[in-house]
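The values are calculated or read from the model by the stated rules, or taken from the named source; none is laboratory data. Not measured: the values here are computed from a predicted model. Because the Cβ atoms are built from the backbone with ideal geometry, glycine has one as well, and the counts that use them run over all protein chains shown. What goes into the accessible areas is simple: the full protein's heavy atoms, side chains included, and nothing from ligands, DNA or RNA. Shrake-Rupley method; radii C 1.70, N 1.55, O 1.52, S 1.80 Å.
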Amino acid sequence: MKILQLNLLAFGHFTDTQIDLSKGEEGFHIIYGSNEAGKSSALRALQQMLYGIDTRSSDNFLHHHSKMRIGGVLRHSNGSELDFIRRKGRVNTILAGDTEEVLEESLLETFLGGVDADTFTTMFGIDHSKLVKGGEKILEGGGNIGQALFAAGSGITDLRKVQNDLRDEAEELFTPTSRKKIIDESLSDFKQKKKEIREAQLPAQEWQRHEQELRNAEKRIGEVTVEFEENWAEKNYLGRIGEALPLIGKRKELLEEYISYADVVLLPEDFGERRGDFVTKLRIAENERDQATKAIEEIETSIESIDISEAVLKNAKLIDELYKELGSHQKAARDLIKLQTERSIIRSEAKEIISGLRDDLTLDEAEKLRLKKIKIVEIRELSTRYDYLLTKLENSQERVPKLSSQIVTIEAELESLGAPLAVDNLRDVVERAKKYEPQEDYYHSESEEIRNVQNSLKNTIKKQILWQGTLEELEKIYLPSIETIDTFETRFEEHQRKESEFQLKIQELEDALLENEGQFTELQLEQDIPTEEDLEKARQHRQDEWGLIRCALDGCKETDETVETFVRSFQPEDTLTGAYELSVKRADELADRLRREADSVARKAKLIADSETKKNKLAYWKNLFGEAKKEVADIRDVWNGLWKETGMSPGSPKEMRAWTHDQRVIVDKFLELRGRIAKADKLNKSIQMHRGKLNQCLNSISEPPAEDGETLTDLIRRSQKIIEGQDELKYKRKLAIRDKSRLEEELNDFKSQVEQIEEDLSQWQKQWEDAIQPLGLEGDSRPSQADAVMDDLQKLFEKLKEAKGLHERIKGIESDAEGFTTRVFNLAENVAQDLKELHFEQVVTELNARLASSKTAKSELKTLKKQQNQELKKYTDAESSISKIKLDLDVMCKEAGCSRYEELPEVEKRSSKRRQIEEKLEYLDEKLLMLSAGATVEDLRLFNLFWINGSWQKRLTAEYAEDRRGLLFFCRVEPIAHLLLG
């Protein structure tokens with residue numbers, strides 16, 4: 001089988017990726033790539049394409065399990081091809097590649113040739129990690145290459161370690177020469193434990209004695225526990241009295257101190273904090289009131305000192321406009337002087353220009369020199385055309401001698417190149433031979449590989465152990481099919497499994513019988529346990545003797561020998577009646593023993609019955625084991641008969657399957673080798689034919705033929721160089737002839753251009769004389785002279801235009817200045833007549849200053865009014881807060897029982913002292929409550945009254961007669977009550 005194509009349709013990180021493996025005769029391909037490129041994924045895909053996608057495949061990170069697809073194209077050794085797609089699933093996972101119809105698994109199995117998944121992975125699917133482990137095992141194996149390669153290929157990378165571990169573990173369990181191993185130790189320990197169990201078992205009387213002693217000990221523990229509890233209660237009772245004495249003394253001192261504070265009002269805990277908060281707020285409000293009063297007085301003083309000019313404020317907009325225009329007016333005055341100066345300079349420059357052109361004209365008459373636009377353009381164009389014609393004439397006159405010289409040089413070069421050879425026939429032969437150029441290297445490598453494959457196959461045949469012969473003989477021998485071998489392997493494994501099962505059953509039964517015999521022997525050694533059979537025999541003896549006695553009483557006659565035999569069996573009795581009494585006694589004893597030792601008797605009977613059952617089963621399984629061995633022998637005879645024609649002694653089916661597979665691989669390779677040899681011979685004939693044709697062509701053009709050892713490739717290279725040389729010669733001659741024609745045409749063109757340019761210059765001269773006449777120039781004047789005159793005229797008219805613009809600006813500035821001055825003095829007449837005698841610039845500046853001062857004063861007055869209102873509000877708010885706070889302080893004085901809030905700190909101090917005394921008393925009462933078994937001080941006071949009146953016994957009888965805890969309470973409270981209430 002050959003894999004032509006692997007299609008990674010949806011597998012791993014691949015989508016619609018195709019790997020073409022069809023090229024090449026043998027199909028040997030190397031797939032390389034960087035890390036994580038998908039090489040290992042492609043190998044897994046190849047395996048799973050042939051044998052199914054794993055149920056829990058980890059290559060589903062891009063494509064869901066249900067969408068995973070791997071396609072491929074296979075070719076059988078008979079030439080048939082299979083195009084299919086493998087999907088993930090349990091059944092019907094093979095689909096046709098074109099229609100995706102379900103295909104049978106058997107169709108693919110015919111291509112696989114009996115190679116299962118494990119064999120394929122072992123032989124062809126070794127990845128990098130397995131190769132690394134295999135190399136490590138070769139180093140560890142100390143030269144055992146076969147075992148190491150088997151371990152690496154099969155994935156059992158720790159084969160040697162597993163073998164060593166199993167061997168060590170077996171030796172630890174048991175060795176024939178060992179005296180102390182795990183199995184022996186376990187058997188010895190088992191016997192020892194059974195002995196310890198027997199020794200640990202107690203007789204019934206001994207058990208009863210120990211049980212009575214346990215009950216006595218438990219009773220004594222209860223009595224000691226009661227006594228301990230009473231003593232412990234007494235100890236606690238005395239301890240509480242000792243703890244209560246200092247607490248009661250402290251309590252009396254606090255009660256005496258409490259008397260002086262009994263009439264003090266007990267204020268809330270946050271009373272002082274609230275009082276301090278109110279006093280602080282009162283001080284803040286009074287301070288704010290005083291500050292507001294002072295601020296109001298200062299604001300009123302500032303308002304009285306403010307002076308505002310209403311007339312100036314009324315004309316504020318006009319004053320602002322004049323002040324803004326003042327800067328522009330001052331700048332215009334400065335610009336006026338500058339503009340007047342520039343106008344004078346420009347007019348002087350214009351006079352100089354016009355005097356250089358015409359002495360008889362003034363500036364006012366300059367318009368006579370102005371040319372029309374069309375005339376100026378005409379003169380400029382004629383000037384440009386003159387430069388163009390003159391330059392073109394000079395260039396053409398220079399090119400004529402140069403071109404003549406180049407033509408002479410090309411003619412000499414053509415003469416030196418010579419005529420080319422005819423190589424068209426050689427070219428055709430080379431093109432046909434080039435198709436076989438790569439085939440020549442392939443032929444040599446193929447020939448070498450064929451020799452290597454032949455040697456390899458012959459060496460493989462020589463290494464065969466089961467069969468020896470030639471490749472041709474191997475091709476002809478008959479070998480059983482893989483299916484037949486699989487059938488025999490299944491039958492062998494099935495019968496061997498049966499043998500193992502039968503042998504295991506036999507071993508288990510033998511072990512069980514051995515165990516029964518051991519237990520039976522153990523019972524016999526412990527004591528002689530009678531059986532039901534023994535009891536029946538004893539009763540039969542007794543009945544037989546009774547028959548003898550009855551016979552004697554009835555007058556029957558028995559032989560003396562019979563009586564004597566019976567009496568001897570019951571020694572030391574010597575009479576029939578004594579023997580009868582002894583037999584009755586023995587039968588009764590056996591019956592009693594059977595009743596007493598019923599368990600042991602039953603156990604013994606069970607052991608006997610189990611032994612009989614197991615012996616029957618053992619015989620049954622041994623019979624089955626013998627039949628299974630016979631069937632295995634029959635199958636082996638048939639198996640050997642299959643291989644009789646080959647003359648071999650076959651091994652196991654598993655070994656022969658691998659051997660058969662290897663032989664078929666060798667035969668397939670041999671058949672393939674034949675085809676390769678035929679192809680190589682055919683290719684060599686074609687190569688030699690083309691060598692001959694190339695030699696003929698080389699002889700026809702006077703070139704040497706192929707030398708010995710010169711390959712077809714070398715001959716093609718030499719021929720190509722000859723063809724390239726002649727092609728280059730033809731190309732050079734073609735270029736030279738083309739250049740000569742081009743230069744001759746160019747020479748004729750330049751000669752014609754010179755004649756045409758001379759005629760154009762003559763016509764230009766006539767047009768030029770007419771054009772420059774208005775400029776006052778002579779007809780032979782050069783274009784540069786005419787350009788200079790026109791430039792001066794352009795400058796003249798530009799100067800005159802600029803001087804006219806300056807004149808207009810000067811008139812405008814003077815008019816604006818006159819209007820601005822009038823507006824300023826009119827405003828001063830209405831607002832501030834004291835400024836009329838000043839310069840108009842000073843008037844504007846002073847009015848602006850007075851306007852700014854009035855605006856500032858007005859804004860300041862507005863701010864002071866706002867501040868005055870704010871301070872009045874602060875004063876009112878402060879007065880309101882003071883009144884409210886004083887009311888709150890009066891309420892607190894009433895609560896504390898004083899007339900002024902200044903007395904509150906002293907009242908708070910006495911209230912705090914009273915609270916501290918009460919908290920200490922409460923703490924002492926809690927301690928005494930714990931020491932008095934839960935009785936409060938009130939309970940103790942009542943108890944003391946009962947004691948004094950002599951009525952405590954009645955109270956005790958009425959409420960605690962049936963309550964042991966109540967009695968204990970009064971007994972414990974009595975001393976503490978006397979100490980506390982004294």
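Miscellaneous remarks
- Whether the stretch 181-336 is rounded, prolate or oblate, judged on the alpha carbon gyration tensor where a/c under 1.5 counts as rounded: oblate
- log₁₀ of I(q)/I(0) at q = 0.21, 0.22 Å⁻¹ - the stretch 352-449, Debye sum with one point per alpha carbon: -1.09, -1.12
- Distance between the modelled labels on Val408 and Lys250, one decimal in nanometres: 14.4 nm (7 Å Cα→Cβ projection).
- Computed over protein heavy atoms with a 1.4 Å probe, the carbon and sulfur contribution to the accessible area of the stretch 246-303 reaches 50%.
- Scaled to the globular estimate 2.2 N^0.38 Å, the Cα spread of the stretch 694-825, given as radius of gyration, is 2.96.
- For Asp770 and Lys324, a Förster radius of 51 Å and the Cβ-Cβ distance give a FRET efficiency of 0.25, rounded to the nearest 0.05.
- Element breakdown for the stretch 386-511 at a 1.4 angstrom probe: carbon and sulfur atoms account for 50% of the accessible area.
- Between Lys235 and Ile259, residue separation times 0.36 nm minus the direct Cα-Cα distance comes to 4.9 nm.
- Surface composition of the stretch 698-737: carbon plus sulfur atoms hold 50% of the accessible area, using a 1.4 angstrom probe and ignoring ligands, DNA and RNA.
- A full extension of the chain between Arg674 and Ser66 corresponds to an added length of 214.3 nm, given 0.36 nm per residue minus the alpha carbon distance.
- On a per residue basis, the stretch 2-124 carries 60 Å² of accessible surface, using protein heavy atoms and a 1.4 Å probe.
- Tensor-based shape of the stretch 435-520 (alpha-carbon gyration tensor, a/c under 1.5 rounded, otherwise prolate or oblate): prolate
- Table column - 3J(HN,Hα) (Hz), the stretch 274-288, Karplus curve with 6.51, -1.76, 1.60, x for Gly and Pro: 5, 4, x, 5, 5, 5, 4, 4, 5, 5, 5, 5, 5, 5, 4
- Calculated accessible area for the stretch 721-767 comes out at 71 Å² per residue, all protein chains present (probe 1.4 Å; ligands, DNA, RNA ignored).
- Net charge dipole size for the stretch 30-80 [Lys, Arg +1 and Asp, Glu -1 on Cβ; Debye, nearest 20]: 120 debye
- Spacing of the two label points (7 Å from each Cα toward its C-beta) at Glu109 and Leu421, in nm: 7.0 nm
- Simple spin-label estimate for Ala857 and Ser762 gives 10.1 nm between the two label positions (7 Å along the Cα-to-Cβ direction from each Cα).
- Other residues with beta-carbon under 12 Å from the beta-carbon of Gln756 carry, at +1 per Lys or Arg and -1 per Asp or Glu, a net charge of -3.
- For the stretch 645-655, putting each phi into the Karplus relation 6.51 cos²θ - 1.76 cosθ + 1.60 with θ = phi - 60° gives couplings of 5, 7, x, 9, 9, x, x, 6, x, 5, 5 Hz, in residue order, rounded to whole numbers and with x for Gly and Pro.
- Gain on full stretching of the segment that runs from His210 to Glu802 - 0.36 nm per residue minus C-alpha separation: 198.2 nm
- Hydrodynamic radius (Kirkwood) for the stretch 2-124, which is based on Cα pairs only, to one decimal in Å: 14.9 Å
- Derived scalar couplings between HN and Hα for the stretch 289-301 equal 4, 5, 5, 5, 4, 5, 5, 5, 5, 5, 5, 4, 5 Hz in order, rounded to whole Hz, by the Karplus curve 6.51 cos²θ - 1.76 cosθ + 1.60 (θ = phi - 60°), x for Gly and Pro.
- The calculated FRET efficiency for Gln833 paired with Lys317, based on their beta-carbon distance and R0 = 22 Å, is about 0.60.
- Inter-part distance where the stretch 791-855 and the stretch 343-367 are each reduced to a Cα centre, Å: 33 Å
- Pairwise centroid distance, computed over Cα atoms, of the stretch 443-513 with the stretch 105-120, Å: 17 Å
- The stretch 497-514 residues near the modelled Tyr620 label - backbone nitrogen below 19 Å, point 7 Å along Cα→Cβ: 498-514
- For the stretch 247-280 versus the stretch 643-678, the gap between their alpha-carbon centres in whole angstrom: 118 Å
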